[in-house]
1. From the residues Pro181, Ser6, Val80, which one has its Cα farthest along the dipole of the stretch 5-192 in the positive direction, the dipole being from +1 and -1 charges on Cβ of Lys/Arg and Asp/Glu about the Cα centre?
2. Could you put Trp50, Trp184 in order, starting from the residue whose Cβ has the fewest other Cβ atoms within 10 Å?
3. Under the Karplus relation 6.51 cos²θ - 1.76 cosθ + 1.60, θ = phi - 60°, what is the ordered set of whole-Hz ³J(HN,Hα) values for the stretch 102-118, x standing for Gly and Pro?
4. What percent antiparallel are the DSSP beta bridges of the stretch 1-118, to the nearest 5?
5. If you take the square roots of the eigenvalues of the alpha-carbon gyration tensor of the stretch 5-192 and sort them as a ≥ b ≥ c, do you get rounded (a/c under 1.5), prolate (a/b over b/c) or oblate?
6. Collect residues whose amide H, placed 1.01 Å from N in the peptide plane, falls under 5 Å from the amide H of Tyr77; neighbours closer than 5 in sequence don't count.
7. So if I place +1 on the C-beta of Lys and Arg and -1 on the C-beta of Asp and Glu, and nothing else carries charge, what would the dipole magnitude of the stretch 54-188 be about its Cα centre? I want it in debye, nearest 20.
8. Below 8 Å between Cα atoms, with a sequence gap of 6+, how large is the relative contact order for the stretch 5-192 in percent?
Amino acid sequence: MSPSDSHRMLTGAELAALYRVHMRRDFPPNELKSLSMLENLTQSGINSVWAFERDGALAGYYVLARVPGSSMVLLDYLAVVPELRNTGVGSALMAQIVRRLPPDCYLLIESERPEPAPSPEEQSIRARRVGFYQRCGAVRSPLNVRLFGVDYAVLTLPAERTPSPPQQRRDYLEVYRSMLPPAWCGEHLETFLP
């Protein structure tokens, strides 16, 4: 991390601008919650949206979700601005996220599973994403999820605070049940353990 790096929580107009300029570009439509849903989740205290700035300019951003009282923090979104990708900004972001976790919490990460990719190129991209999180210290869980038709691998860190896979599943379902309408959870959320 550079001395000029800073983290700042975003709200209101800043969140709306981030969504319109960056999130729409950085995430496919089937993975992106609506702006009104993100605003509501942020106002309710479940989500927090953070800007990571370097030399006063946006370098990346992330969205965390946590149900009050839960030991699991979900990394809902993470992105680095295109011109700073592959420069170490993502690793610096992850290190800061882990350092900022409450001492009794673990981070749960969703990353598209490489295995069902529609092409070898997409499989390679997905494998690189999973590999990025593993290089940052995350461990791939046996828990897998399908959310709105997208298959995700689940990764967690730090390892010493991560509970058993069945508890991860309960924590995961709890946070999504607090974020999504019940009918959506029933229709669009599946979890798989071996």
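Where a number appears in this text, it was derived from the coordinates with a stated rule and is not lab data. Keep in mind it's a predicted model, so treat the numbers as computed, not measured. So basically every Cβ, Gly included, is an ideal-geometry build from the backbone, and we count neighbours across all protein chains shown.
1. Ser6
2. Trp184, Trp50
3. x, x, 9, 10, 10, 9, 10, 10, 9, 9, 3, 5, x, 4, x, 4, x
4. Values: 20 of 24 bridges.
Restricted to the stretch 1-118, the bridges split so that about 85 percent are antiparallel.
5. It comes out rounded by the Cα gyration axes.
6. So Tyr77 has HN proximity to Val63.
7. 280
8. Answer for the stretch 5-192 is 17 percent.
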